[in-house]
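For reference, the structure is listed below as structure tokens.
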Amino acid sequence: MKKLMVFAILLAFLAFPLTAFGVMGKMAPASKDINVSWFGSLKTYPSWMSELDFNSDTDVNDFMIDENGAMTDHNVRNELRMGWKGGNDTFDFMIILEADFNLDKNNTDRGSQKNGLTYAALDDQGMTGDDFGVEKLDIGYNFGPFRIHTGWTTRWLDLKTGGLVYGDDHPYIGLTGNIGENFKWEADYTIVYDAIDVATLDGDNLDWRFYSVKGIYTIPSGFAKGFVISPFYAFSDNSVQNNAQVSYFGLEGYGKLGGMFTPRFEIAYADGDMDGNGVDFDISAMAAFASVDIEICPGFIPYLGIRWEEGDSDPTDDDIDAFNAITDIARYTPTFGMENAIVYRYLTSLGTHLYSGNFNRTGTQTGYGGISNSSTGDAPGLLMWGLGAKGKYGQWSYKVQYMDFSFDEEPDQLVAGVDDEVGQEFDLRVAYAFSNHFTIANCFAAFDPGDAIEDLWGNDYDDTALVNTIELIWKW
């Protein structure tokens, strides 16, 4: 009898987890009127780096920062995403979980120590992705004339051209809609920062929000059929940086013309003021971008373009002439964007930040924007011109490009007589797609510093920075 009771108790314990799983499944049944699909990706990037400080005699700044944190010498970046999307005629949703980190035991065991350079300096910038979190979210409801949605997936004003003003995954509440067949519109309320000063209980001086509207008109017929003209406006209320209130007026255009040419252009103007903490500045700055792809054949598409951002020539006056974006996003733009290029990472000796492709961390004066509020009010700006080619041959694809960078205004407030030549970058990416689900690529990037880097840092800062990255990409 005792053996029978012991056996019954043991059987009950073994059966409990199965019963629990059955109950859990019944607690959250899928809605019968919603279709759901699952997707994901894994990017594993072994990278080898050298002379990221442009000086072979010191390792003080010999590192770069990407979304996974700091990297130097050799690291393996790993970005895993798992997502679901679905909906019906009126309701839709998309959610993506992400972990982005350097591969090591602590990270993969979910127990990394969050201290030091990799984490302490970047914790509020979304670049310490060693723990799984909801990286992107968008949930909407379609009323017919318009759709309301919220979340924090990537939104942009000008990603299809130069990425001069904004592209990021900050949280938002937005509206989208159509007027006729050829005109779409978007209106977003976006929250960059929203914090309370616990010492004073002040709820304003740590906030940064912006409000934007964007129109998208597609030319319906004629030679320019399919070409897009898109005006946009954004008002940035940035209390974090000395109460900067800035209006951005922009216009972009992109699309194929004549079957062979794909021009892209953008012009943006920032106008406002910054009047907090005893300062009073007038802000007025411009930026522009233009490029063209020429499709000779699918295997050979040469392209060329320019990018200009105004710099500030006099940090001692009451004007800020340097163009600061809300969040510039040049890294993912169609023409010169390349994920594993050098100029789109955070490099101390170059004054760059993640995604931006400019040198706006160079300067002495508080600015009014940029990723993580990193741009300076006396930033030297930039003039970039470049050319390249891309193409596909069956399962092979490639992209090769050259970019030349100069300051728009020399940062003489840092060192007198600084040259304007920042340097040149060469990028080459070759990929082979084994299927729709797996690709191997190699991206080689080199940045050769110009005289401006030597003037700012010293004569020994003249070595070429090199980054070679193997890309292992799975998609499902």
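Some values worked out for this structure:
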quantity	calculated
222 nm mean residue ellipticity, helices alone, for the chain (DSSP H n ≥ 4; -39,500 (n - 2.57); rounded to 500)	-2500 deg cm²/dmol
Euclidean distance between Cα centres, region 366-398 to region 28-89, Å	19
Solvent-accessible area per residue for the chain (1.4 angstrom probe, square angstrom)	47
Reduced Cα scattering model of region 36-113, Debye log10 I(q)/I(0), q = 0.19 Å⁻¹	-0.86
Binned Cα-Cα distances of region 383-427, short to long, each 10 Å bin given as a whole percent	24, 32, 23, 13, 7, 1
Ratio of the Cα radius of gyration of region 298-437 to 2.2 N^0.38 Å, where N counts its residues	1.18
Cα convex hull of the chain, projected area averaged across orientations, nm²	29.9
Size of charge dipole - the chain - debye, nearest 20, with Cβ of Lys, Arg +1 and Asp, Glu -1, no other charges	4400
Kirkwood hydrodynamic radius of region 141-185, from inverse mean 1/r over distinct Cα pairs, in Å	11.9
Length gained when the stretch Tyr398-Asp89 is fully extended (0.36 nm per residue, less Cα-Cα span)	107.3 nm
Sites Trp385 and Ile173, calculated FRET efficiency, Cβ-Cβ separation with R0 35 Å, nearest 0.05	0.35
Segment Thr150-Ala187, length gained on full extension (0.36 nm per residue, minus Cα span)	12.2 nm
Alpha-carbon centroids, region 324-362 and region 204-227: separation in whole Å	22
Net charge contributed by nearby residues that have their C-beta within less than 10 Å of Gly377 (K/R +1, D/E -1)	-4
Cα centroid of region 423-476 to Cα centroid of region 268-306, whole Å	23
Kirkwood Rh in Å, taken over all unlike Cα pairs in region 173-247	14.6
Area projected by the alpha carbon convex hull of region 350-400, averaged over all directions, nm²	5.0
Helix axis angle, 2-27 relative to the chain longest principal axis, alpha carbon, degrees	40
Surface share of carbon and sulfur [accessible, 1.4 angstrom probe, percent] for region 272-394	57
Ordering of 404-416, 304-316, 348-360, 433-445 by burial proxy (mean other Cβ atoms within 10 Å per residue, highest first)	348-360, 304-316, 404-416, 433-445
Relative contact order (percent, whole number), the chain, Cα cutoff 8 Å, 6+ residue spacing	12
Rg/Rh (Cα only; Kirkwood hydrodynamic radius) as it applies to region 126-250	1.04
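The values are calculated or read from the model by the stated rules, or taken from the named source; none is laboratory data. Being a predicted model, the structure only gives us computed values, none of them experimental. No Cβ is skipped: glycine too gets one built from the backbone with ideal geometry, and neighbour counts run over all protein chains shown. Calculation scope for accessible area: heavy atoms of the full protein, side chains included, ligands and nucleic acids excluded. Shrake-Rupley method; radii C 1.70, N 1.55, O 1.52, S 1.80 Å.
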